Amino acid sequence: MTTQVHASIHIYNFTTGPQFAYSGNHTFQPFVRALAGGAFSGMAINVLLNNVPQTGEVSDTDTSFALGGSAGTDIRFAKYFAVRVAADYLRTYLFNEGQNNLRGTVSLVYRWGRGGVNEFVFTSNPLPGRGRFEVKDPARITLLFPEK
């Protein structure tokens, strides 16, 4: 007899906010961000005995407010390219409890346009299965798309 428990948990965050950067140095450009938005979480649990479900699937979902911030620096190594090193903090309130999340990221930044005001950033989180794309407009407003 083999008993298995299958659990699936998904958490998605969507935040937006201003980014303030110091551009006095050509090589290093430190920045800070203030972020606000929402979070969604879904979970499902199944219990199997010899691959036969023993109970119905137990599942739950929740949404909450999310608040956070970020700080880091862009290190320019070519005219249009930089490496971004950042630390992010995110506070969510899923399932009537507060969660504090801290994450470090390393990103590749590609800038284009006059003075490099437009940029595309691919960020990969060191945790397996997580990552995000970040698109910024010339006004330096940051849009963070849901994580997977």
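The values are calculated or read from the model by the stated rules, or taken from the named source; none is laboratory data. Everything numeric in this text was worked out from a predicted model, so none of it was measured. Reconstructed Cβ throughout: ideal geometry from the backbone, glycine too, with neighbour counts over all protein chains shown.
Summed over the range 24-64, residues that are touching a residue at least 40 places away in the same chain (Cβ under 8 Å) and within 30 Å of residue 111 (Cα to Cα) total 10.
Conditions tested, residue by residue: (1) part of a loop (DSSP other than H, G, I, E, B); (2) touching a Leu at 6+ places or on another chain (Cβ under 9 Å).
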| residue | (1), (2) |
| --- | --- |
| 5 | no, yes |
| 16 | no, yes |
| 30 | no, no |
| 35 | no, yes |
| 59 | no, no |
| 67 | no, yes |
| 78 | yes, no |
| 87 | no, yes |
| 95 | no, no |
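If you go through the range 38-53 and keep only what is modelled with pLDDT of 80 or more and loosely packed, with under 11 Cβ neighbours inside 10 Å, you end up with 50, 52. Take residue 40 and decide whether it is of a type in the set (A, V, I, L, M, F, W, C) and either in a loop (DSSP other than H, G, I, E, B) or touching a Gly at 6+ places or on another chain (Cβ under 9 Å) (or both). The answer is no for residue 40. I'm checking my understanding of the structure. Among residues of the range 62-115 that are of a type in the set (Phe, Trp, Tyr) and closer than 17 Å to residue 37 by Cβ, which one is surrounded by the fewest Cβ atoms within 10 Å (Cβ to Cβ)? In this case the residue turns out to be 65.
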